[in-house]
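*Asks:* The structure that follows is given in the form of structure tokens.
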Amino acid sequence: MTKNYSFPPHFFWGASTSATQSEGRVADDGKGENIWDFASNEYNHRFYEGVTTEKTSRFYEDYQTDIGLMAELNFNSFRTSISWSRLIPNGVGPVNEQAVTFYNQVIDELIAKGIEPFINLYHFDMPLELQKIGGFENKIVVQYFKQYAETCFDLFGDRVKYWFTFNEPMIPAEAGYLHDRHYPYVVDFKRAATVLHHIALAHCEAIKSFRERNLASKIGIIMDIIPVYPRSQHPADLKAAEMADLFYTRSINEPLLLGRYPAELVGILTEYGQMPVVTNADLALIAETKVDILGINYYKPRRVKALDYEPNRSGVFSPEWFFANYEMPGRRMNTSRGIEIYPQGIYDIAKMIQAKYGNIDWFVSENGIGIQGEEQFMENGMVMDDYRIDFLKEHLIWLHKAMAEGSNCLGYHMWTFVDCWSWINAYKNRYGFYRLDLATGEKTVKKSGLWFKDVIKEHGF
Ligand code: BGP
């Protein structure tokens, strides 16, 4: 096969998922509840068609089969998360031995099949008992997270070579405390900022514990860097883009990757009385913490423009007082998900990492396309998802270009291995290389899965 786009022989290829979105068996074998299990029951109407965390692709019982299906597609790596409340049912205190057995088996099975486990510690899933005392709003939870991380390093650190502290640290703060999308459905900027700061500290504490152990592994974090594009080069639009980037990206990337909060952000939050409590000890910890590797989830760009009205600056403080989202005419949309498709974004992120974050080792930890009603594309039992192949190709081409220009990208993980349950949208949009039949539980490969299998085998396409 003639290849136009070759990737390095040791490039990581695979997919990613998270515990809550794949495991199921939420009330079994000693697992404690997390906020999603709780919200599933108490706020059922907030999930698409009322489908909740119980209904998954059953990784808890089917992990062996699933890992076999990954191996069939030639995966050499796979990212999932540990469920904090499965391992430590109350978030702090005794460890659930059945969970230890489960995660040991998963890690061992992956390694046996030649699939490098990439293990993430937190994917939006606060144990319910800790949420009852405020979750990450309560600084004590930073210490509980540190203890949980230490438990994971001690139990699995002999085999896991790639660790991640958080998936998309901005989301629990933004979606849970500002935009009313995730439990506890709070709308309060200062509380969101407090949560974000404590997540930053939890990340740093976990890394400190990791370093103390001298493990022969790497640790990092998975970020959703959303590249921001202004409507025009007019100074007002440029300023708007700067503000969106400041609030939604730099506010977390800079403390965790550069060791300090942006001064402009601190200035604005102080002016508006929105600054969380940040001690000198916190700042010292942030300053001394470094990651070895970065995961980047990329789905969409953000386009912004200057506000064309004077915002009413009373009520809940909002970053949207400083910019407006902009729907660029003619932009290419994934209408199922309501987001723009912009493959060049992955290249722009790679360049940003090169320029701003010391060209650190990184990998694409999520990228994919969620489509509603994929049944319509089925032929002889297979989803003929050419749109997904095109999507992957286009993103990989831009990634390839960035790598040719010196970006240290180590791998590419698609979201996701098999259609999975999602926060809010449940099974509305399908993302998998394998189709999950919700009625029978059957998993069948899609055309994109077979295409990806070849790409991995050939190290390119
Ligand atoms: C990312 C999350 C994933 C996954 C994905 C798709 O932000 O890390 O957990 O859900 O988005 O999003 P959705 O399922 O909402 O379309």
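Every number in this text was worked out from the coordinates using simple rules, so none of it is lab data. Computed from a prediction, not measured in an experiment: that's the story for all the values here. All Cβ positions, even for glycine, are placed from backbone atoms using ideal geometry, and neighbour counts span all protein chains on display.
*Asks:* Tell me, what is the percent relative contact order of the chain, built from C-alpha pairs under 8 Å that lie six or more residues apart?
*Replies:* 18
*Asks:* Once you order the gyration tensor axes a ≥ b ≥ c over the Cα atoms, which shape class does the stretch 1-85 get: rounded for a/c under 1.5, otherwise prolate or oblate by comparing a/b with b/c?
*Replies:* Verdict is prolate for the stretch 1-85.
*Asks:* Hey, can you list the DSSP H helices of the chain whose Cα span along the axis is 30 Å or longer and whose average Kyte-Doolittle score is at least -0.5?
*Replies:* Helix filter hits for the chain: 189-212.
*Asks:* Projecting each Cα onto the charge dipole of the chain (Lys/Arg +1, Asp/Glu -1 at the beta carbon, about the Cα centre), which of HIS10, PHE136, GLY30 comes out farthest on the positive side?
*Replies:* Of the candidates, HIS10 comes out farthest on the positive side.
*Asks:* Roughly how many nanometres apart are two label points built 7 Å out from the Cα toward the Cβ at ASP154 and GLN372?
*Replies:* Distance between label points: 4.8 nm.
*Asks:* Using only the Cα atoms, work out Rg/Rh for the chain, with Rh taken as the Kirkwood radius, to two decimals.
*Replies:* Computed over Cα atoms, the ratio is 0.94.
*Asks:* Next question. At 0.890 mPa s and 25 °C, plugging the Kirkwood radius over alpha-carbon pairs of the stretch 179-223 into Stokes-Einstein gives what diffusion coefficient in µm²/s?
*Replies:* 195
*Asks:* Also, I was wondering about something else. Only counting other Cβ atoms within 10 Å, I'd like MET403, MET333, MET414 sorted with the fewest neighbours first.
*Replies:* By the 10 Å Cβ count, ascending: MET333, MET403, MET414.
*Asks:* Hey, fewest Cβ within 10 Å first, where do VAL418, VAL160 land in order?
*Replies:* In increasing order of surrounding Cβ atoms, one gets VAL160, VAL418.
*Asks:* Let me ask something else about it. State which stretch of the chain is the longest one without any exposed GluC sites (Glu not before Pro), exposure meaning a DSSP loop state and at most 13 other Cβ atoms within 10 Å.
*Replies:* Segment 55-326 is the longest.
*Asks:* Taking the Cα centre of the stretch 12-458 as origin, sum charge times position over the Cβ atoms of Lys and Arg (+1) and Asp and Glu (-1), and report the length of that vector in debye to the nearest 20.
*Replies:* Around 800 debye, computed over the stretch 12-458.
*Asks:* Next up: Projecting each Cα onto the charge dipole of the stretch 12-458 (Lys/Arg +1, Asp/Glu -1 at the beta carbon, about the Cα centre), which of MET378, CYS204, ALA284 comes out farthest on the positive side?
*Replies:* Projecting each Cα onto the dipole axis, the largest value belongs to ALA284.
*Asks:* Pull out the extension gain between GLU320 and ASN4, defined as 0.36 nm times the separation in residues minus the alpha carbon to alpha carbon distance; nm, one decimal.
*Replies:* Residue separation times 0.36 nm, minus the Cα-Cα distance, leaves 109.5 nm.
*Asks:* What residues from the stretch 382-423 fall in the zone where the backbone N is under 14 Å from a label point 7 Å along the Cα-to-C-beta line of TYR48?
*Replies:* 416, 419-423
*Asks:* Can you tell me the dipole magnitude for the stretch 1-66 around its Cα centre, using point charges on the Cβ only (Lys, Arg +1; Asp, Glu -1), in Debye to the nearest 20?
*Replies:* Charge dipole, the stretch 1-66, about its Cα centre: 420 debye, nearest 20.
*Asks:* What nm value, rounded to one decimal, do you get for the distance between ALA27 and ILE133 when each label is placed 7 Å out toward the C-beta?
*Replies:* Each label point is offset 7 Å from its Cα along the Cβ direction, giving 2.6 nm.
*Asks:* Next up: In units of 2.2 N^0.38 Å, what is the alpha-carbon radius of gyration of the stretch 166-306?
*Replies:* Normalised by 2.2 N^0.38 Å, the Cα Rg of the stretch 166-306 equals 1.10.
*Asks:* Continuing with this model, one more query. Give, rounded to the nearest 20 debye, the magnitude of the charge dipole that the stretch 292-441 has about its Cα centre when Lys and Arg contribute +1 at Cβ and Asp and Glu contribute -1 at Cβ.
*Replies:* Magnitude of the dipole: close to 380 debye.
*Asks:* Would you pull out the residues with amide H under 5 Å of LYS218's amide H, same chain only if 5 or more places away, H placed 1.01 Å from N?
*Replies:* Under 5 Å from the amide H of LYS218: TYR162, TRP163.
*Asks:* For a quick check: with amide H placed at 1.01 Å from N, whose amide H comes under 5 Å from VAL445's, ignoring anything fewer than 5 positions away on the same chain?
*Replies:* Under 5 Å from the amide H of VAL445: ARG435.
*Asks:* Taking the Cα centre of the stretch 405-461 as the origin and placing charges on Cβ (Lys, Arg +1; Asp, Glu -1), which of ILE456, GLY441, CYS409 is farthest toward the positive end of the dipole?
*Replies:* GLY441
*Asks:* Moving on. Using Cβ counts within 10 Å as a stand-in for footprinting exposure, how do HIS395, HIS234 rank, fewest first?
*Replies:* In increasing order of surrounding Cβ atoms, one gets HIS234, HIS395.
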